[in-house]
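First the structure, in the form of structure tokens, and then the observations on it.
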Amino acid sequence: MSGFTRLETVFRDATDPILIEDLDGIVLDLNDEAARTYGYTRRELKGLPIKVIVPEERHAQADDLLARCRAGEIVRDVEGARITKDGQEIPVLLSLSLLKDDSGTPSAIATFAKNLSQIRAAEEAIRQLTRVFRDAADPIILEDLNGVVVDLNLAAEQLYGWGRDELI
């Protein structure tokens, strides 16, 4: 199997959305995960500007990232957003890579987008559970497996007369 064929397989089967754009931001190709995540078929998205899946308020960011990448700057882990075909906004972590042809001339840009939706949902669930814990009417003390106090809520502080900082 040639290296190129393996590279195509990695691109197609990657677990994060990947778009290949020309230097002006026109979509040249996308992997299966990008099609699934954004809700467009390859045929629908190829040939369109990347801004089709970028919220309008982030168009300036998309232009800036493209320009920075074209200029040879390493663009990694930039928070952004994408819009699906049905209008849903998805928070993403973007990384862009300048692709060069065999002679070393820049020819395209690969944009990798890590979907942060599940991470954001988990963070919100943790915030909600923390509020429930802190605001519970009953005293709650959390201990590790060795019996060392790792946290307590306000009701426990009030009932036992010890502050969090004193017991943790």
By residue number, the members of region 134-152 that are of a type in the set (D, E, K, R) and open to solvent by less than 50 Å² (accessible area, probe 1.4 Å) are D151
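Where residues in region 19-37 are of a type in the set (A, V, I, L, M) and surrounded by fewer than 21 Cβ atoms within 10 Å (Cβ to Cβ), which of them is farthest from L66 (Cα to Cα)?
A35
Conditions tested, residue by residue: (1) out of contact with any helix residue (DSSP H, G or I) (no Cβ under 6 Å at 6 or more places or on another chain); (2) farther than 28 Å from P17 by Cα.
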{"position": "R76", "(1), (2)": "yes, no"}
{"position": "I90", "(1), (2)": "no, no"}
{"position": "V149", "(1), (2)": "no, yes"}
{"position": "Y160", "(1), (2)": "yes, yes"}
Evaluate the following for L65: is it open to solvent by less than 50 Å² (accessible area, probe 1.4 Å) and touching a helix residue (DSSP H, G or I) at 6+ places or on another chain (Cβ under 9 Å)? no
If you go through region 20-49 one residue at a time, how many are part of a helix (DSSP H, G or I), acidic (D, E) and farther than 18 Å from G80 by Cβ? 2
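The rows are residues; the columns are (1) under 14 Å from the mean Cα position of the chain (by Cα); (2) small (G, A, S); (3) surrounded by 10 or more Cβ atoms within 10 Å (Cβ to Cβ).
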| position | (1), (2), (3) |
| --- | --- |
| E79 | yes, no, yes |
| L99 | no, no, yes |
| S103 | no, yes, no |
| E123 | yes, no, yes |
| L129 | no, no, yes |
| V132 | no, no, yes |
| L154 | no, no, yes |
| E157 | no, no, yes |
| W162 | no, no, yes |
With I90, I74 as the choices, which residue is among the aliphatic types (A, V, I, L, M), open to solvent by less than 50 Å² (accessible area, probe 1.4 Å) and in contact with a strand residue (DSSP E or B) (Cβ under 9 Å, 6 or more places away or on another chain)? I90
Pairs please, first residue from region 30-42 and farther than 8 Å from P17 by Cβ, second anywhere and assigned to a strand (DSSP E or B) and open to solvent by less than 40 Å² (accessible area, probe 1.4 Å), Cβ atoms under 7 Å, 6+ apart in sequence or on different chains. R42/L30
Show the residue pairs meeting these rules: Cβ distance below 9 Å; 6+ apart or different chains; first residue within region 56-81 and more than 25 Å from R120 (Cα to Cα); second residue in a loop (DSSP other than H, G, I, E, B) and of a type in the set (D, E). L66/D24; A67/E73
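The values are calculated or read from the model by the stated rules, or taken from the named source; none is laboratory data. Quick caveat: nothing in here was measured; it's all calculated off a predicted structure. All Cβ positions, even for glycine, are placed from backbone atoms using ideal geometry, and neighbour counts span all protein chains on display. Note: accessible area is taken over every heavy atom of the protein model, side chains too, but ligands, DNA and RNA are not part of it. Shrake-Rupley method; radii C 1.70, N 1.55, O 1.52, S 1.80 Å.
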